[in-house]
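Engineer: A single structure is presented below for examination.
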Amino acid sequence: MDRLTLFDEKNTLMSWLVVALGISVFVVVITFAVSSFLPYGVDWHEAFRPAALALLSGRSPYDIDKFYNPPWGLLPLLPLALLPENLGRGLLFAISLLSFAIVAHRFKASPLALAVFLLSPPVLHGLLNANIDWLAVLGFVLPPQIGLPFILIKPQIGIGVVVFWLVEAWRDGGFRQAAKISWPALLLSAASLALFGLWPLRFLQITDYSRNFNASLWPASIPVGLALLATSVYKRDHRYAMASSPCLSPHVVFHSYAGPLAALLPTTRGMMVAVITLWILVILRVVDTLL
C-alpha cells in the first residue's frame, strides 16, 4: 500500500511538472510571437503601462489622462511595466489567454467552447488592445472575498455579480457574512481613497472619453439588466448576473462583452451561436463603414 501511495505521489508530481513545463513553454512562445509581430496594444501603451510606471515612481496613476480604473488593478501589472514595452505587452497577452482558459476550465467548458470563446470578437479585441478585462473575468471564478476586488477593477463587466454575491452572502449569514466577503474590497477602496483622493469621480469623465467607441446600450438596456439580475437572484445562478452587468453600465467598450460571453462557457452550442452572431455583426459593421 505504501509503495502504491508513493507511486501515485510520484505520478501526481510528474503530471504537475509536465503541466508547469507546458504552461512555461506556452507563455514563452506567445510572449515572443506577440512582442515580435503584433503592433503595440493601445491600452497598454496609453493607459496601463504609464499608470503602472507612475505608481512605481511614487506618483499618482491618475496623472495619466487615460487611466480610470481602481488603482489596485495595477498591482499585477507592475512587473510587466518594468519590462520593455513590447515584451511586457506580449507577456500580458499570454497571461490574458491563460486566465481566460482558467475561467473556462472552472466553468467546465468543452475544448471547443474555449476555442470559440478565445476566437470571439470581444476577446480578440481585448487581447489586441492589451486591455485587462481578464482580471475582472477571472474574478468570476474566485472566492467572493478575493473575486470582488478583481471584478471591481472593471465594474462594467461584473457589477451584477457583486450584487449577486452580496445577496447570497446575506441569505447565508446576514450582515456578518456580507461584511466577511466585502471587507477586502472595502479596505482596498478606503486605502486608495486615502492615497489618491476621490479617484472614483473620474468615472464621470469616462463616457466623454469613450464617446466615439462606447458600446453601451444604456439606459435602454437597464430593464434587461435588472431582469437578468433578478433572474440570477431567483435562480441563485451568477451567470445571469454576469450577463446583466454591461446592461447596467453607461460605459462599455466592445471588448468588455467578454464578461457576459463567459457566462455561456458551460454550453458549447450557446457559445457557438453567440460568437457566430457577434462575428456577423462585426462584419456587417465593417461593410457599412466601408460603404
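Just so it is clear, none of the values below were taken in a lab; they were calculated from the coordinates. All figures in this text were calculated on a predicted structure; none of them were measured in a lab. So basically every Cβ, Gly included, is an ideal-geometry build from the backbone, and we count neighbours across all protein chains shown.
Engineer: Mind jotting down the distance between the C-alpha centroids of the range 249-275 and the range 174-245, whole Å?
Structural biologist: 17 Å
Engineer: Across bins of 10 angstrom width beginning at 0, how are the C-alpha pair distances of the range 194-291 distributed, in whole percent?
Structural biologist: Result, from short to long distances: 14, 34, 34, 14, 3, 0 percent.
Engineer: I'd like to verify something in the chain: which complete DSSP H helices, judged by Cα projection on the helix axis, reach 27 Å or more and average at least -0.5 on the Kyte-Doolittle scale?
Structural biologist: Span-like helices here: 2-37, 85-106, 155-196, 268-290.
Engineer: So if each residue of separation counts as 0.36 nm, and I subtract the Cα-Cα distance between Val141 and Glu85, what length gain in nm does that give?
Structural biologist: 17.2 nm
Engineer: Grab the DSSP H runs of the chain that are 4 residues or longer, score each as -39,500 (n - 2.57), total them, divide by all residues and round the 222 nm result to the nearest 500 deg cm²/dmol.
Structural biologist: -22500 deg cm²/dmol
Engineer: Among Leu138, Val162, Met271, whose Cα lies farthest out toward the positive end of the dipole of the range 110-290, if unit charges sit on the beta carbon of Lys, Arg (+1) and Asp, Glu (-1)?
Structural biologist: Val162
Engineer: Distance between the C-alpha centers of the range 137-158 and the range 87-121? Whole Å please.
Structural biologist: Comparing the Cα centres of the range 137-158 and the range 87-121, I get a distance of 16 Å.
Engineer: Any chance you could count the Lys pairs in the chain whose alpha carbons are under 28 Å apart, treating pairs 8 or more apart or on different chains as valid?
Structural biologist: Taking the chain as the scope, the lysine pair count is 8.
Engineer: Considering Cα pairs under 8 angstrom that are at least six residues apart, work out the relative contact order of the range 186-291 and quote it in whole percent.
Structural biologist: 22 percent
Engineer: What number does the range 105-155 give for Rg over Rh if you use C-alpha atoms and the Kirkwood radius?
Structural biologist: Rounded to two decimals, Rg over Rh is 1.01.
Engineer: What's the long-distance tail for the range 94-233, i.e. % of Cα pairs beyond 23 Å? Spell out each step's value before the answer.
Structural biologist: Working: 4508 of 9730 pairs.
So the pairs more than 23 Å apart make up 46 percent of the total in the range 94-233.
Engineer: Further, regarding this structure: Considering amide H positions built from the backbone, and no H for Pro or chain starts, which residues 5 or more places from Val253, or on another chain, come under 5 Å of its amide H?
Structural biologist: Under 5 Å from the amide H of Val253: Ala215.
Engineer: Given a Förster radius of 45 Å and the C-beta distance between Ile283 and Leu187 as r, what FRET efficiency does 1/(1 + (r/R0)^6) yield to the nearest 0.05?
Structural biologist: For Ile283 and Leu187, the calculated efficiency is 0.45.
Engineer: Next question, about the same structure. Got the relative contact order for the chain handy, in percent, Cα pairs under 8 Å and 6 or more residues apart?
Structural biologist: Over the chain, the number comes to 20 percent.
Engineer: Ok, one more. Per 10 Å bin from zero, what fraction in whole % of the C-alpha pairs of the range 61-160 is there, up to the bin with the longest pair?
Structural biologist: 15, 45, 34, 6, 0
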